[in-house]
Amino acid sequence: MDTSELQQLAQRSRLTREMGIGILLASGVLALFLRVPLDLGRQSGPTPISIATSTAPNAFSNVPLIAKAAIVYDLATQETLYEKNADAQLPLASLTKLLTVYAALSELSPTTPITISADETQLDPPRMFRAGQVFSLDDLARLTLTASLNDGAAAILDATAARENRTQTAALAGAAAALNLSQTYAVNGNGLDTSAVISGGYGSAHDLALLAGALVRLAPQITDATTKRTAVAASRGGTVFTAQNTDPVVGSLPHMLLSKTGYTDLAGGNLALVFDVGIGHPIAVIVLGSSKEARFTDGTALVDATLAHFAGIASL
């Protein structure tokens, strides 16, 4: 399935998804109505507490996934809504860049200048920059996450490790430890495979859900850029860069807060999404070990199932 087919699939499902959101909102209004006492003037003492057993259908029961591991995690309630091998440690590919940016923003100001080195311009693509170009951290992070730039991620990690006066691996490990990501370990900032058998980063679907949620809270102005078709930023020298999003279906998903793709030979297709299912109710959807194309259909299927879950129906 090529990019145009994925975009057509997204367009066909958009109306269905919008209907699901409408059902979800209507369900919330109905729930509020049912909680309002019918006789507001009558004082009848304490309201008795009743415990009801939910009979809502399981919206996740028939979701077909190619991914080796996945999770739908409610960041507001810290509840796992769906999981498949969610604690398995798997190669992260470019989802490692989420850890890199989190590590940087934990130590550096968003306005910190980051210089691209000659070595970083020789990394495998995607890359965009020339040696000596300087960006503020927030501008470079927006471009890097949106277009999954390997040179940008390497430059960000290099500056972070230098500020902390420790190795790049130690800087990444420190950020993972701060978030209690027990399955997460990285040896470089971009997630590129270091050999035919060793990935640049490893982690679990559960860890990535926590990481994605933490980055949204820490830097919403950066993660918001990943939900658009393009990100635009300028170097300190005035050169304007436009980065194309590596997620071809990002514009069709509702209320997105973050989108990040990843793919290497070892990892297969990975995808991290955070979206708002209600006002201030973020949900993380993580897909690991899918295929290059199916990571997007896997992710979309889990978003749709999540909307159906909150609407109390079997599917959209």
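List of remarks:
- Each 10 Å bin from zero holds the following percent of Cα-Cα pairs in region 175-316: 11, 37, 37, 14, 2, 0.
- For region 242-315, the C-alpha radius of gyration sits at 1.13 times the compact-globule guess of 2.2 N^0.38 Å, with N the residue count.
- Pairwise centroid distance, computed over Cα atoms, of region 176-214 with region 264-287, Å: 14 Å
- Cβ-defined net charge surrounding residue 216, 12 Å radius [Lys, Arg +1; Asp, Glu -1]: 0
- Three-way shape label, region 154-206, alpha-carbon gyration tensor, a/c 1.5: oblate
- Eigenvalues of the alpha-carbon gyration tensor of region 46-203, scaled by 5 and square-rooted, set the equivalent ellipsoid semi-axes at 37, 19, 15 angstrom, largest first.
- Candidate aspartates and glutamates for bridging to residue 68, where Cα separation is under 13 Å - those fewer than 8 sequence places away on the same chain excluded: 83, 87, 298
- Rg to Rh quotient for region 129-236, alpha carbon positions, Kirkwood Rh: 0.96
Read-outs: derived from the displayed coordinates by stated rules, not from any lab. These numbers come from a predicted model, not from an experiment. Note: ideal-geometry Cβ built from the backbone for every residue, glycine included; neighbour counts use all protein chains shown.
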